[in-house]
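Encoded as structure tokens, the structure appears first; notes follow it.
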Amino acid sequence: MSIEEDLYQHLKKDLSIISEIEDRIYQDRLPQNVIFPALSIQLLSEDFDYDTGGETARLPRFSLVCYAD
């Protein structure tokens, strides 16, 4: 599973979020005619951090945008 999918699944299970927006959590863009409130998640960049041990670490940056009436 990717970190994007992990984040999406984590948010969908968070009861404090679900109590406000139900299941309206979308990856990338909101669909047309969406009901508000809603949340969108977008991966902005994914840099790699190289260390001297030869291993790489993912350093993703996300945008989480909340929409309301």
* Asked: Once the other residues with Cβ under 14 Å from the Cβ of I25 are scored (Lys, Arg +1; Asp, Glu -1), what is the net sum?
  -> -4
* Based on the Cβ-Cβ distance of S16 and I41, what FRET efficiency does E = 1/(1 + (r/R0)^6) give at R0 = 25 Å, to the nearest 0.05? -> 0.95
* Asked: Residue by residue through region 27-38, which ³J(HN,Hα) values in whole Hz follow from phi under the Karplus form 6.51 cos²θ - 1.76 cosθ + 1.60 (θ = phi - 60°), with glycine and proline marked x?
  -> 8, 6, 10, 7, x, 5, 6, 5, 8, 9, x, 8
* Structure fact -> Phi-derived 3J(HN,Hα) across region 59-66 with the Karplus relation (6.51, -1.76, 1.60, θ = phi - 60°), rounded Hz, x for Gly and Pro, is 10, x, 10, 10, 10, 10, 10, 9
* Structure fact -> For region 9-25, Karplus-derived ³J(HN,Hα) couplings (6.51, -1.76, 1.60; θ = phi - 60°; whole Hz; x for glycine and proline) come out as 5, 4, 5, 5, 9, 6, 5, 5, 6, 4, 5, 9, 10, 6, 9, 8, 10
* Structure fact -> Sorted largest first, the C-alpha extents of region 1-46 along its principal axes in whole angstrom are 30, 25, 14
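Values quoted throughout were computed directly from the atomic coordinates according to the rules given, and no laboratory measurement underlies them. Just so you know, these numbers come straight off a predicted model, no measurement behind them. Cβ: placed from backbone, ideal geometry, glycine included. Neighbour counts: every protein chain shown.
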